[in-house]
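Working notes for the structure below.
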Amino acid sequence: MSHISISGKLAAAGLLAGAGLIWWRDTGWLAGAADTLPLAVGIPLTVWLGAPWRACTADHADNPSSIWWPLFAGLAFAVAWILPSLTVLALAWTALAGYWMERWYKPGTDSISLLVILALSFPWMVMEWSEIGWWFRLSAASATEGFFHLMQMPVEKNGTELLVLGETIRIEPGCAGWNLLQLTLLTGVTIGVHDLPKRSRFLLFLALLPILAWTANLLRIITLSVVSLSFSVETAEGVWHGLTGLLVIAVVVGMAKLLCRAINPSAPEFIRRRLVR
């Protein structure tokens, strides 16, 4: 057992070193460090949510489910490092973390849900999936246009730009919350892991979570648009821009908690048991 514990701890140290390498491989995230760097909290959150961690038995440790799992993930990590691909690096590292859970230590929480948190703990979405961000902004612009139509206000849409009462409102990546999207998803997933112990319920929650994040960011866009029309674009781009970013996180937390309660009405009792364990 002691041998398993030592090797498991060495493997965990290797995983932490690998996580640091991923963040160092492409430092383009520094431009939006205030939004991306908090993603790193996903790793300590996983340690906390996965407690109690139980060392695997000697028989299980001596007979891992498949040696091909870490070999393939390690190869993918090496190839992604050369390309480079932050997305593949993050996913390969997550697969290795999953093998660590299978090989050395079992978490007290469903490992699949914990792996989702780990996969979101690196800034691959903001860095490499700007195409999704474009559709995210375009759909938000259409919904905002519909909002102003309901308010009986003249509005014209051209891509991600809105012309409302003669004022041009541009829905930039920052205004649309694209830099915050992965952080809001990580926040929501953490709540789901904490409140929903059954995998089937968590997967349902996970499927609905992007809708919650999109809705929260839509509220941010509408709020900034109203501020722009009521005061000025400069005002909306000032302190209000940061405040509405906090609003997005708060709204996602609130909606995620309500959704967890709807999916699992017994969640409060489960939460109390986790907090006093």
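Contact map, segment 101-117: residues that are farther than 13 Å from Leu45 by Cα and modelled with pLDDT of 90 or more paired with residues that are among the aromatic types (Phe, Trp, Tyr) and not in a helix (DSSP H, G or I), Cβ distance under 7 Å, separation 6+ or inter-chain. No pairs are found. Residue by residue through segment 1-30, note down the ones that are surrounded by 12 or more Cβ atoms within 10 Å (Cβ to Cβ) and either assigned to a strand (DSSP E or B) or of a type in the set (A, V, I, L, M, F, W, C) (or both). Ile4, Ala11, Ala12, Leu15, Ala19, Leu21, Ile22, Trp23, Trp29, listed by residue number.
Reported count of residues in segment 78-115, each being among the hydrophobic types (A, V, I, L, M, F, W, C), closer than 29 Å to Pro52 by Cα and surrounded by 15 or more Cβ atoms within 10 Å (Cβ to Cβ), is 13. The residue that is farthest from Thr94 (Cα to Cα), among those in segment 31-57 that are among the hydroxyl-bearing types (Ser, Thr, Tyr) and part of a helix (DSSP H, G or I), is Thr36.
Yes or no, residue by residue, for (1) hydroxyl-bearing (Ser, Thr, Tyr); (2) closer than 27 Å to Phe148 by Cβ; (3) at pLDDT below 85:
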site: Leu165; (1), (2), (3): no, yes, yes
site: Gly192; (1), (2), (3): no, no, no
site: Leu204; (1), (2), (3): no, no, no
site: Leu212; (1), (2), (3): no, yes, no
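Residue selection: Asp59 fails the criterion of being surrounded by 11 or more Cβ atoms within 10 Å (Cβ to Cβ), more than 20 Å from Leu114 (Cβ to Cβ) and at pLDDT below 90. Cβ contacts < 6 Å: first residue in contact (Cβ under 8 Å) with a residue 40 or more places away in the chain, restricted to segment 178-207; second residue among the hydroxyl-bearing types (Ser, Thr, Tyr), any location; separation 6+ or different chain. Result? That search, which allows pairs on different chains as well, returns Val193/Ser113; Phe202/Ser113.
Once segment 128-146 is narrowed to residues that are touching a residue at least 60 places away in the same chain (Cβ under 8 Å) and surrounded by fewer than 18 Cβ atoms within 10 Å (Cβ to Cβ), the residue that is farthest from the chain's Cα centre (by Cα) is Ala143.
The values are calculated or read from the model by the stated rules, or taken from the named source; none is laboratory data. This one's a predicted model, so the numbers in the text were calculated from it and none came from an experiment. Virtual Cβ from ideal backbone geometry, glycine too; neighbours counted across all protein chains shown.
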